[in-house]
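Working notes, beginning with the structure itself.
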Amino acid sequence: MGVTQVPEISVGSCDRTMPVIGMGTAAYPTPDPDTTKAAILEAIGAGYRHFDTAFAYGSEKPLGEAIAEALRLGLVKSRDELFITTKLWSSFAEKDMILPAMKMSLSNLRLEYVDMFLIHWPVRLSKEVKKLPAEKREYILPLDMKSVWEAMEECKNLGLTKGIGVSNFSCKKMEELLATAKIPPAVNQVEMNPIWQQKQLREYCNAKGIHITAYSPLGANNTKWGDNRVMECDVLGEIAKARGKTPAQVSLRWLYEQGVSIVTKSFNKQRMRENLDIFSWSLTEEDSERIAQLPQKKGVLFADVIGPYDISLELDAEI
Ligand SMILES: NC(=O)c1ccc[n+]([C@@H]2O[C@H](COP(=O)([O-])OP(=O)(O)OC[C@H]3O[C@@H](n4cnc5c(N)ncnc54)[C@H](OP(=O)(O)O)[C@@H]3O)[C@@H](O)[C@H]2O)c1
């Protein structure tokens, strides 16, 4: 099987281009580190150059090991052929904890810099949080946007990351951030797929020059945070059949045609290749129109992940 050349695009204030499709590393149930490492090496062999990790996923260390091994094996010639995204965990979303958290992620990854560092969620979790959903409402706090973003900017200015951005930010949260940001966020990584198309947020981000990366592009099929609403959508199934593709490929191709980048996870050798085979064909206008008409439903809810408190319900209601 050949190596797919994944197109790269410029993303706002980031100092380097981003491969439009990346391999996610949030796996459910959490696999042992060797499984994650082997899947990442397999993905590099298939052509993936963008990897999406986070402190919270526990995948930084196996990703770091896989990168070191890929360089040793000559699968990539130098580290700068790879685009690595990691995220600031909400327990560290406080001014003085951000630089140490960035350094801890770099140490886990065995890297001198990452390519993208994102604020994982628009909330802070207090030190008392031992598990999620959080046991008490008081453990979930709003972000001090100005000071948090200043510390993110410092990480970029120190050369520890090529780009900074956010994740799971609504238009309202973006507005709050942009009011004081000196470096605008390059990326907002959010749930996006044919069943949650994010039309308003995309319009807002386009107008501000902020790039959207789509996570859970397959509806996070077979995970605790997702379901089969994308993979078993009749319309996607019909389009897939007509094009000789799979529903997963139709969803990914649709996202690519919307001009967003994508992070999708498969640790399966065939499926990770299937997910890269989206560049040599296209959807028809009629296909796109049918997808645009699909009923919309948000899949990943803060209320489920951090607890059904007023602050999570407010975040879920924001567009
Ligand atoms: N910023 C955030 O808050 C956030 C939230 C969620 C996810 N993410 C990131 O986005 C990445 C991707 O999202 P996700 O993992 O939630 O969901 P996803 O990519 O939509 O779906 C992953 C699931 O689909 C399966 N799958 C993959 N390709 C398939 C195919 N061609 N046919 C059938 N099934 C397929 C995978 O299983 P196999 O591995 O067995 O193929 C896995 O169970 C994550 O890994 C993570 O890096 C970020």
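No lab work stands behind these numbers, since they all come straight from the coordinates. This structure is a prediction, so every number in the text was calculated from the model and none was measured. Cβ placement follows ideal geometry from the backbone for every residue including glycine, while neighbour counts extend to all protein chains displayed.
A few remarks follow.
- q = 0.16, 0.29 Å⁻¹, the stretch 1-67: log10 I(q)/I(0) [Debye, one scatterer per Cα]: -0.58, -1.23
- Inter-probe distance in nm under a simple model that places probes 7 Å from Cα toward Cβ, at Lys269 and Glu81: 2.1
- Checking the cross-link pairs Lys103/Lys199; Lys103/Lys224; Lys87/Lys298 against a 24 Å limit on the alpha carbon distance flags Lys103/Lys199; Lys103/Lys224 as lying beyond it.
- The translational diffusion coefficient of the stretch 196-319, from Stokes-Einstein at 37 °C and 0.692 mPa s with a Kirkwood hydrodynamic radius over alpha carbon pairs, comes to 209 µm²/s.
- Computed E for Val235/Ile319 - FRET, C-beta separation, R0 22 angstrom, nearest 0.05: 0.40
- Relative contact order [Cα under 8 Å, 6+ residues apart], the chain, whole percent: 18
- Looking at the stretch 117-167, the trypsin sites (Lys or Arg not before Pro) that sit in a DSSP loop and have at most 10 other Cβ atoms within 10 Å of their own Cβ are Lys127, Lys130, Lys131.
- Amide H contacts under 5 Å for Val114, placed H, 5+ residues apart: Thr161, Lys162
- Net length available on complete extension from Leu73 to Tyr28 is 13.4 nm, with 0.36 nm assigned per residue and the Cα-Cα distance removed.
- Entry note, the chain: the mean residue ellipticity at 222 nm calculated from DSSP H runs of n ≥ 4, each adding -39500 (n - 2.57), is -11500 deg cm²/dmol after division by the residues and rounding to the nearest 500.
- Per-pair calculated FRET efficiency, R0 = 51 Å: Lys136 and Glu257 via Cβ, rounded to 0.05: 0.70
- Restraint check, Lys37/Lys172; Lys146/Lys265; Lys162/Lys182; Lys130/Lys297, Cα-Cα greater than 27 Å: Lys37/Lys172; Lys146/Lys265; Lys130/Lys297
- Percent of Cα-Cα distances greater than 38 Å, calculated over the chain: 9
- All Cα-Cα separations within the stretch 37-126 were binned at 5 Å from zero, giving a P(r) of 3, 14, 27, 23, 15, 9, 6, 3, 0, each value a whole percent of the pairs.
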